Amino acid sequence: MVDLLAEYYDAVGEAVARHGGTITCYAGDGVLMLVGAPLPRPDHAAAALALAQDLIDSINPVLERWATKVHPLGLGVGVASGTVTVGTIGSTNRLDYTAVGTPVNLAARLCSAARAGEVLMDERTAQLAANSRVKRREAMPVKGLIGLQTVFELGAV
């Protein structure tokens, strides 16, 4: 498992670096990454979708090498845009550079809902990215938010 995660994290890190993102947290096989922080960029939504597609393309070969019939592996990605608090957050005993706010939680929930190979995003990201591959999906409930949320996906290349 440690060897798989090391290879996975290396591939993730390379993709994030190619798109000017910042990794803030590893949690098992989950990775929190930011685009547009610490340095703001006007094209953050488009860059985040390009990063998401690169992640799918880069990570799938790694997962295919490690997958078995008993343990299939896949990667889904969630992307959300909005105002968040970014900085060094924690306690006097431990500090982390991270982001907190509704878009972070929404991205995590979309990631959990994404099937292998899917990139799901919120409405704000879809609007800002202005990508012709973005397709609207059925609205869905999202834990922690009231009502159904409009969700979009990044269609195939």
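The values are calculated or read from the model by the stated rules, or taken from the named source; none is laboratory data. Note that the structure is predicted; figures quoted are calculated from it, not measured. Every residue, glycine as well, gets a Cβ built from its backbone with ideal geometry; the counts of neighbours run over all protein chains shown. Heads up: the accessible areas ignore ligands, DNA and RNA and are worked out on the full protein's heavy atoms, side chains in. Shrake-Rupley method; radii C 1.70, N 1.55, O 1.52, S 1.80 Å.
Things worth noting here:
- Cα-centred dipole magnitude for the chain, charges only on beta-carbon of K, R (+1) and D, E (-1), debye, nearest 20: 420 debye
- Applied to the stretch 20-29, the Karplus parametrisation 6.51 cos²θ - 1.76 cosθ + 1.60 on θ = phi - 60° returns per-residue 3J(HN,Hα) values of x, x, 10, 7, 10, 7, 10, 9, x, 8 Hz, with x for Gly and Pro.
- Under 5 Å, built H, 5+ apart or other chain: amide partners of Q149: M140, V142
- Each DSSP beta bridge with both residues in the chain is either parallel or antiparallel, and the antiparallel ones are about 85%.
- Entry comment: accessible area of the chain is 59 Å² per residue, from protein heavy atoms only and a probe of 1.4 Å.
- Rounded, prolate or oblate (a/c below 1.5 giving rounded, otherwise prolate when a/b exceeds b/c) for the stretch 71-141 by Cα gyration tensor: oblate
- The phi-based Karplus calculation (6.51 cos²θ - 1.76 cosθ + 1.60; θ = phi - 60°) puts the 3J(HN,Hα) values of the stretch 111-118 at 4, 5, 7, 6, 7, 3, x, 9 Hz, whole numbers, x for Gly and Pro.
- Backbone phi angles across the stretch 42-57, fed through the Karplus curve with coefficients 6.51, -1.76 and 1.60 (θ = phi - 60°), yield HN-Hα couplings of x, 9, 4, 5, 5, 5, 5, 5, 5, 5, 4, 5, 4, 4, 4, 5 Hz in residue order; Gly and Pro are listed as x.
- Placing +1 on the Cβ of every Lys and Arg and -1 on the Cβ of every Asp and Glu, with no other charges, gives the stretch 1-61 a dipole of roughly 300 debye about its Cα centre.
- Comparing A139, A116, V79 along the charge dipole axis of the chain, the residue lying farthest to the positive side is A139, per the Cβ-charge model.
- Of the solvent-accessible surface of the chain, computed with a 1.4 Å probe and all protein chains present, 55% belongs to carbon and sulfur.
- Candidate residues V151, V86: accessible-area rank, largest first, probe 1.4 Å: V86, V151
- Rounded, prolate or oblate (a/c below 1.5 giving rounded, otherwise prolate when a/b exceeds b/c) for the chain by Cα gyration tensor: rounded
- Whether the stretch 20-99 is rounded, prolate or oblate, judged on the alpha carbon gyration tensor where a/c under 1.5 counts as rounded: oblate
- Restricting the stretch 105-156 to trypsin sites (Lys or Arg not before Pro) that sit in a DSSP loop and have at most 15 other Cβ atoms within 10 Å of their own Cβ leaves R115, R133, R137, K143.
- Label-point separation, L145 to T83 (7 Å along Cα→Cβ), nm: 1.7 nm
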